[in-house]
Amino acid sequence: MNSADHDRPGLLSNAASLFGSRKAEQKLLFLTGVYTLAGMLVIFLTMPGATGRIALQAGLATVAGFFLVHIYWHFTGFKGDCFLLPVTAVLSATGLVFLFRLNSAYGTRQFIWLLAALLALLLTTRLLKDFRFLGDYKYIYALVGLVALILPIFFGREQGGAKSWLDFGLFQFQPSEFVKILVVLFLASFLDENKEALAAGTRSVGWLNIPSPQEWAPLVVMWGVSLLLLVFQKDLGTALIYFGTFLAMVYVATSRIVYAVFGMGLFLTGASASYFLFDHVRSRVEIWLNPWPLIDTTGYQVIQSIFAIGSGGVIGAGLGQGFPNLIPAVHTDFIFAAICEEMGLAGGVSVIILFMIFVYRGIKIALKTKDDFASLAAAGLTALLGLQAFIILAGVTKMLPLTGVTLPYMSYGGSSLVANFILLGLLLNISHEAEMRL
Amino acid sequence: MKQNILKLGYLLLGLLAVLVIYLSYMQLYRGPALADNPYNRRYQEYEAQVKRGTIYDTKGIALAKSDYSQSKNRRVYPAGQNTAQVIGYINERYGRAGLESAYDRNLLGMEGADRFRNLLNRLLGREQLGGDVTLTVDSALQKLAMDMLGGRRGAVVLLDPRTGAVRVMASSPSYDPNRLEDIWPQLLQDPQAPLINRATQGAYPPGSTFKIITAAAALATDLSLAEKRFDCPGYLVVNGFKLDDTAAHGEVDLTRALAVSCNTTFAQLGLIAGAEGLQRAVKAFGLLQEPPVGIPARAGTMAAAGAMTPTELASSAIGQGEVLVSPLQMALSAAAIANRGIIMQPYLVDTVKDSLGTTVKQQVARTWLTATTPEIAEKIKAGMTSAVKNGTAQAAAVSGMQVAGKTGSAQNPQGQTHAWFIGFAPSDQPRLAVAVILENAGPGGAVAAPVAGSLLAAAVAAGY
């Protein structure tokens, strides 16, 4: 140890050496591996025939996959956060175990997607390590994103009431899952450039300082895109996530709460207008207020979901011992209800706490960065993930109206899984850069 | 900007924390109600995994069992319509009723040690088993009672007055619980209401069978009334209203009055007992309570004591007032006289066993009510014995055994009188108490008494 090290506070140097060698990540991944294999073992013992064997093999391969990513990072000296990968591993392993338990075909496909997602994570942390260049082409991929969003309106397939899928035959692709990351990067770059003007305002109308149109026009376009999603793709949840993330980032960049309030007002106006204009929006709200008269029709799914949650109790029925398959399409948006039924309140709260840890680490990364672009990007990605988790969890528990989005890392769905692992990779890249500069 | 990020972090963590609180509310506070909600199919799904237990009669004959020979588990009721209302049914679409519903958790192995055994069985992929229930009901006697009812509207209850064990609980018309799917819509619309268990849920005017209650009420005020002689000219004038009797019985004592069912005497006894005295006796015989027999039963009803005019009191005393009772309640009233004034708690289920055959519940005879004193019961018993020997109830006589009984022909707005018989046998050492009613079938002595007689003879022949 040289003298420079002695000058540092002991804790920090310990932490630095720990993160440097990724010891914490290794230990946590080991525990995650034991957890994953225990879950798959239960599937193996309770499910007859090939299903159990495939589940066990998929469990082993998943654990190996996460470890490979870890080892790669270890040897390339990657300094990204050590806690995010284990948290994500627990979430996606739980999702995988439950998908095998609910329907082995979905489990198998999710397993393949998970491998693809891990590869995407690896490539993100390798190719986009210098994520900063992403900020330079913002208008190009703003356009790409917009096109990607509009495509499903004309060529898309409607699924579960939302028209947001592109069908490629072999698999379906949901552009909005990927575009949300582009939106965060675009906003981070744009707000970084224009935040002073937006914060101060360049001309005054009465007591209010308003920035010139050059500054705020792109933001209005963003609001328009959210509404576009809402109106044409009938994708309420995604619209809500886009707009929530947008407001959060504008607030973080400008410190002006008035933007957030004004934006929320606009969104509420749009939402209440759509309540009167669109049947599917109205029916969602009615189901939320009182689903019981609609139990045989539109309210069926949500009621089955709260039945499952209510039947769970404190520790649940036990893995494989409940009846979550009574919920239609339980493997996508409702996987949390299945977890609550079979793992009880203990399992449900654990999942929420894992998302809280994810958000905590994400905010920490955003606070650690030195420049505003990285900080905004980290905060935006964290807000995106936190909001998405909150919106779907609140929906399946009937705390808020159900808006059909996936539960990150857990729900069945390739686009969602790969996109969220890319999001993880970007967060880790930002954290890597922050650590490098320490 | 860092400040703003911190605030954003608090907001996101706050939202998720609210979710934790809400989820706890849903799972812990709302959870039990959601689990029991009839639209929640989890109990039914659970049922599909369990080999549901069997319900046996007292001789070990299955009355409800599950058939696993076909691919789909099917509940079979071998006694069919003879035990339909008592055994009840379980049906995915139409719910559950009767003893099947009352002992659901035992039959499904969800109680006591079975709960843990079945969790283990489930985890190991082994068959899950439910427990068995053995009744006090004798299916042969039950069949005889149903045959004698012959599809007519009515009910029969036969029980052991010493213990309260119910041997027969028949309700007619009935239905075949094995064909519930096909006949459900008709069952609901049938004006004869075959789904109703008339034995426990019927509400009938008791007619002259009520006279044993009136006698108990009057003797409670003055035991010497048993020796008093009443003159019956064939009618009685109360407050200017003339109550007609069936005949001029001349000079009668209580025993003779019971034997010939003298309205004049019992109207006078009712006036002596008073509205309060009569009400007290009605209560003491448990006519205003639900008999705790383990399946849904109806509590009897009676006009409030204070509101009774002497005329109403007189007609109530002969069972034509606003009193409405079930056949089970009248069988228990007869049992009270048979058992020296004590009514034992009636029960249908003798033993409940868990899936390993260990007895988890064994019914023991216990006192339900003290209806009257042994002395009063003795006096009334003499009258009831006389009614079968040389009174209105002679058709209930059984050779080689002295039967005690009381007939009734209850007037009602629907047409012919309801034919009633209540009684017990043998009258010196009663082992069986019975109540028979046939709706709108005519006089009790001619219609109901022979049914009771045949049933008592068969029961004694069967060793009860």
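Of note:
- Scanning the range B:1-36 for residues that are of a type in the set (K, R) and not in a loop (DSSP other than H, G, I, E, B), we see that the one that is farthest from the chain's Cα centre (by Cα) is B:K2.
- Pairs with Cβ under 7 Å, 6+ apart, first in the range A:21-38 and at pLDDT below 95, second open to solvent by less than 60 Å² (accessible area, probe 1.4 Å) and outside any helix (DSSP H, G or I): A:R22/A:C82; A:A24/A:C82; A:E25/A:C82
- Single residue of the range A:319-343 satisfying the filter (within 7 Å of chain B (Cβ to nearest Cβ) and part of a helix (DSSP H, G or I)) that is most open to solvent (accessible area, probe 1.4 Å): A:L326
- Residue list for the range A:288-316, restricted to those being crowded, with 23+ Cβ neighbours inside 10 Å and in contact with a Ser or Thr (Cβ under 8 Å, 6 or more places away or on another chain): A:S305, A:I306, A:I309
- The single condition among (1) of a type in the set (G, A, S); (2) at pLDDT 95 or above; (3) surrounded by fewer than 24 Cβ atoms within 10 Å (Cβ to Cβ) that B:A449 does not satisfy is (3).
- Any hit, the range B:88-101, residues being among the β-branched types (V, I, T), assigned to a strand (DSSP E or B) and open to solvent by less than 20 Å² (accessible area, probe 1.4 Å): no
- Those strands (runs of 3 or more DSSP E) lying entirely in the range B:114-186 with at least 2 residues open to solvent by 20 Å² or more (accessible area, probe 1.4 Å), of a type in the set (A, V, I, L, M) and not assigned by the TED database to the domain that holds B:Q362: none
- Any hit, the range A:397-409, residues being open to solvent by 20 Å² or more (accessible area, probe 1.4 Å), part of a helix (DSSP H, G or I) and within 11 Å of chain B (Cβ to nearest Cβ): no
- Set B:L19, B:L28: member being facing chain A (nearest Cβ under 8 Å), on the phi < 0 side of the Ramachandran plot and modelled with pLDDT of 90 or more: B:L19
- Restricting the range A:259-287 to residues that are touching a residue at least 40 places away in the same chain (Cβ under 8 Å) and β-branched (V, I, T) leaves a set whose member that is most open to solvent (accessible area, probe 1.4 Å) is A:V285.
- Close pairs from the range B:326-353: first in the same structural domain as B:A281 (by the TED database), partner in a helix (DSSP H, G or I) and of a type in the set (S, T, Y), Cβ under 7 Å, at least 6 apart: B:S326/B:T200; B:L328/B:T200; B:M330/B:T209
- Criterion violated by A:F358 - all others in (1) among the aromatic types (F, W, Y); (2) more than 24 Å from A:R109 (Cβ to Cβ); (3) outside any helix (DSSP H, G or I) satisfied: (3)
- Residues that are more than 20 Å from B:G405 (Cα to Cα) and either aromatic (F, W, Y) or open to solvent by less than 10 Å² (accessible area, probe 1.4 Å) (or both), drawn from the range B:239-266: B:F241
- Every listed requirement among (1) touching a Gly at 6+ places or on another chain (Cβ under 8 Å); (2) more than 14 Å from chain A (Cβ to nearest Cβ); (3) more than 20 Å from B:T136 (Cβ to Cβ); (4) not polar (S, T, N, Q) is met by B:G53 save one, (3).
- Residues within the range B:102-113 that are within 14 Å of another protein chain (Cβ to nearest Cβ) and assigned to a helix (DSSP H, G or I), tallied: 0
- In the set A:F67, A:F100, A:F75, only one residue is open to solvent by less than 40 Å² (accessible area, probe 1.4 Å) and either aromatic (F, W, Y) or on the phi > 0 side of the Ramachandran plot (or both); that residue is A:F100.
- Those residues of the range B:424-444 which are surrounded by 24 or more Cβ atoms within 10 Å (Cβ to Cβ) and in contact with a helix residue (DSSP H, G or I) (Cβ under 6 Å, 6 or more places away or on another chain), in sequence order: B:F424, B:A425, B:L432, B:A433, B:V434, B:A435, B:V436, B:I437, B:L438
- Every condition in (1) facing chain B (nearest Cβ under 9 Å); (2) in contact with a helix residue (DSSP H, G or I) (Cβ under 6 Å, 6 or more places away or on another chain) is met by A:G347 except one, and the failing one is (1).
- Restricting the range B:37-71 to residues that are more than 27 Å from A:I295 (Cα to Cα) and more than 31 Å from the chain's Cα centre (by Cα), the residue that is most open to solvent (accessible area, probe 1.4 Å): B:S71
The values are calculated or read from the model by the stated rules, or taken from the named source; none is laboratory data. As the structure is a computational prediction, the values presented were derived from the model and not from experiment. All Cβ positions, even for glycine, are placed from backbone atoms using ideal geometry, and neighbour counts span all protein chains on display. Ligands, DNA and RNA are stripped out before the accessible areas are found, and what is left, the full protein with its side chains, is counted by its heavy atoms. Shrake-Rupley method; radii C 1.70, N 1.55, O 1.52, S 1.80 Å.
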